[in-house]
Amino acid sequence: MNQERLRVRQVIVVEGRYDAAALEPLVDGLILTTDGFGIFKDKEKQQLLRELGRARGVLILTDSDAAGFRIRRFVENVVGKERTLQAYVPSLPGKERRKAVPGKEGLLGVEGMDAAVLRAAILNAGAQQCEPRKGRTITHADLFAWGLSGRPDCQQQRFLFLKRLGLPVRLSKTALCRVLNSLYSYEEVERIAQETALTNQ
């Protein structure tokens, strides 16, 4: 029997896109990737994690190998221990289906875990469940309507809007929609966008 997707308040941080893909059927929330060790040099993503950590908290779910724990410690230091939840998968030998050979330590990663294991890891970490998503989803068309993309004068408007929300100014349209949908309702964002437009006139 299929279980409902978990509506999780915390932002879930995983290592790569295959890990995120494994979680998407289970979680209705914001899932961000570190792109492996790429997070170590990605100042924009570090800033995003700090801001999201302050707003909602972060739940870290990395592989159980040494690399996963190194990434886990780094993200915790970026976000702050008090804003971080730790979710763990068991150390099981194996390899993911898409890989020809196992990883360096021969352990199964997040992407290879059963859905029940991943769900239990998230809940056991203390993830805060929220009410189901209400209201309509914020889209690329909304960003255009609010003057935040696709217009000759949108750059300054978008800069002021993101600065007001405390978000990195270089977020892509897709990333911005995901973040806004995770943090705010459509009505809240519309109001903030309109207020920002008035101050920029």
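Distances between every pair of Cα atoms in segment 121-201, grouped in 10 Å steps from 0 to the bin holding the largest one, split as 17, 49, 22, 10, 3 percent. Comparing mean-square fluctuations of 158, 50, 97 from a GNM of the chain with C-alpha springs under 10 Å, the top value falls on 97.
Remark: the residue 82-residue 4 segment gains 25.2 nm on full extension, using 0.36 nm per residue and subtracting the alpha carbon distance. For the chain, the longest principal axis of the C-alpha atoms and the axis of helix 43-55 are separated by about 90°.
Axis angle, to the nearest 10 degrees, between helix 173-183 and the longest C-alpha principal axis of the chain: 80 degrees.
With every protein chain left in place, what is the accessible area per residue of the chain in square angstrom, probe 1.4 Å? Kindly include the intermediate steps, with their values, before the conclusion.
Values: 11070 Å² over 201 residues.
For the chain, the per-residue accessible area is 55 Å².
Sum -39500 (n - 2.57) across every DSSP H segment of at least 4 residues in the chain, then divide by the residue count to get the 222 nm mean residue ellipticity, nearest 500.
Values: 8 runs with 87 residues, N = 201.
Using -39500 (n - 2.57) per qualifying helix, the result is -13000 deg cm²/dmol.
Angle check, please: helix 66-79 long axis (alpha carbons) against the longest principal axis of the chain (alpha carbons), in degrees 0 to 90, nearest 10. Result, in degrees: 30.
The slack in the chain from residue 98 to residue 35, taken as 0.36 nm per residue of separation less the alpha-carbon distance, amounts to 20.9 nm.
Counting every Cα pair in segment 1-79, what percent are over 22 Å apart? Working shown, then result.
Details: 634 of 3081 pairs.
The share of Cα pairs beyond 22 Å in segment 1-79 comes to 21 percent.
On the basis of the beta-carbon distance and an R0 of 41 Å, residue 129 and residue 154 show a calculated FRET efficiency of 0.70.
Please give the Cα centre distance for segment 145-178 versus segment 59-124, rounded to the nearest Å. The distance from the Cα centre of segment 145-178 to that of segment 59-124 comes to 32 Å. Remark: the Cα gyration tensor places segment 65-131 in the oblate category, a/c being 1.5 or greater and a/b not exceeding b/c. Using a Gaussian network model of the chain in which every pair of alpha carbons under 10 angstrom is joined by a spring, one finds that among 126, 135, 103 the greatest mean-square fluctuation is at 135. Accessible surface of the chain, 1.4 Å probe: 50 percent of it comes from carbon and sulfur atoms. Spin-label model, residue 42/residue 194: points 7 Å from Cα along the beta carbon direction are separated by 3.5 nm.
The values are calculated or read from the model by the stated rules, or taken from the named source; none is laboratory data. Keep in mind that what you see is a predicted model, and the values were worked out from it rather than measured. Note: ideal-geometry Cβ built from the backbone for every residue, glycine included; neighbour counts use all protein chains shown. Heavy atoms of the whole protein, side chains included, go into the accessibility calculation; ligands, DNA and RNA do not. Shrake-Rupley method; radii C 1.70, N 1.55, O 1.52, S 1.80 Å.
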